[in-house]
Amino acid sequence: MSRIVYVNGEFVPEEEAKVSVFDRGFMFADGIYEVSSVLRGKLIDNNGHMVRMNRSLNELDMAHPCTDEEIEAIQHELIKRNNLDEGLIYLQITRGAADRDFAYPKDTKPTLVLFTQAKNVLGNPIATKGISVITVEDIRWARRDIKTVGLLAPCMAKMQAKAAGADDAWMVEDGHITEGSSNNAYIVTKEGTIVTRQIGNEILNGITRRAVMALAAKHDYKVEERLFTVEECHNAAEAFITSATMFVQAVVKIDDAVIGDGKPGTISNQLREAYIAEAMAEIAD
Ligand code: PMP
């Protein structure tokens, strides 16, 4: 079924959408993106995604194609035109089209693309089962705080996971977990402390992470934002990931180690429920 997508000022059927072969997103991965989830036709935590989008643009000295309000209007129009009830909206901004040159060209018009994707976010069957992950070396660049479209390393990590019969990969640098291939990673120690890596250039500052950290504080969980090792993962009582489209998702196996009793843990389940309750409250307003 054909979607209506948005490209540089126009809403067009996906088959008619065009971007230049000279686009720097295509040639240099010179672009950034955001993914917001949609529930009951409404955007979840979109303000956070807008703030991070602007930060990514500023960090790369990239022009803003339009205002946040204009982007939000496009998002709402796409939800309407595609009759999207549940799923996600993808947004990408690149530096635009110019003759190939490593140096940033002056005054190119940024490319803006948005599209919707239907997805069973709330009732995803994996949510109750939990996922398995393997640990792999983190071979990404050193500015993972910028949400660029240069995603080949996480694609390779995901393929490594698939080949090993696992659902996803957690990436490791100098013996410590950075994050999941497309999500933030957490463990819960046997003492009940939630541990996740501190924010820095080494990981993406997840919008869902921030919301879940606030929920953990509200529920009086002990949280430590620090480095943690692969060994700590293997000995964890619980583990989970967060992302805009997975919310809070329990991890039940890390490499060969079964986590807890092999089922989603209590804290993981509570945080997932609390996050969904908050999202539902947001869209009920
Ligand atoms: N880390 C990485 C590497 C990601 O790709 C993502 C998802 N885009 C996240 C973390 C989670 O971020 P968010 O909660 O904003 O989706």
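Every number in this text was worked out from the coordinates using simple rules, so none of it is lab data. Here the structure is a predicted model, which is why all the values come from computation and not from measurement. Glycine also receives a Cβ, built like all others from the backbone with ideal geometry; neighbour counts cover every protein chain displayed.
Ordering of 175-186, 42-53, 133-144 by packing is 175-186, 42-53, 133-144, highest average first (other Cβ atoms within 10 Å, averaged per residue).
Measuring between their Cα centroids, region 162-241 and region 22-93 lie 26 Å from each other.
The charge dipole of the chain, taken about its Cα centre with unit charges on the Cβ of Lys, Arg, Asp and Glu (plus for the first two, minus for the last two), comes to roughly 280 debye. The residues neighbouring THR116, those whose beta-carbon lies less than 15 Å from its own, together hold a net charge of 0 under the Lys/Arg +1, Asp/Glu -1 convention. Seen against the Cα atoms of the chain and their longest principal axis, helix 266-284 is set at about 30 degrees. Listed by chain and number, the aspartates and glutamates whose C-alpha is less than 15 Å from the C-alpha of LYS106, apart from same-chain residues fewer than 8 away, are ASP23, ASP30, ASP61. Here region 152-283 is treated as an ellipsoid with the same Cα gyration tensor; its semi-axes, largest first and in whole Å, are 22, 17, 15. The Cα-based radius of gyration of the chain, divided by its Kirkwood radius, gives an Rg/Rh of 0.97. Are any of the pairs LYS80/LYS263; LYS158/LYS253; LYS18/LYS119; LYS162/LYS190 more than 27 Å apart by Cα-Cα distance, and if so, which? Distance filter (> 27 Å) returns LYS80/LYS263; LYS162/LYS190.
Protection proxy ranking, highest mean first, for peptides 272-281, 120-129: 272-281, 120-129, where packing is the per-residue count of other beta-carbon atoms within 10 Å, averaged.
Under a model in which nothing but the beta-carbon of Lys, Arg (+1) and Asp, Glu (-1) is charged, region 1-89 shows a dipole of about 180 debye around its Cα centre.
I'd like to know which of ALA63, ILE4, GLY31 lies farthest towards the positive end of the charge dipole of region 1-102, counting +1 on Cβ of Lys and Arg and -1 on Cβ of Asp and Glu. Of the candidates, ILE4 comes out farthest on the positive side.
What the Cβ-Cβ distance of ILE126 and VAL258 gives, at R0 = 22 Å and to the nearest 0.05, is a FRET efficiency of 0.85. Stretching the chain fully between ALA29 and LEU152 yields a gain of 43.3 nm (0.36 nm per residue, less the alpha carbon separation). If only the Cβ of Lys and Arg carry +1 and only the Cβ of Asp and Glu carry -1, the dipole of region 142-236 around its Cα centre is close to 360 debye.
Could you give the length gained by full extension between VAL223 and ALA281, i.e. 0.36 nm per residue of separation minus their alpha carbon distance, to one decimal place?
So the chain would gain 18.4 nm between VAL223 and ALA281.
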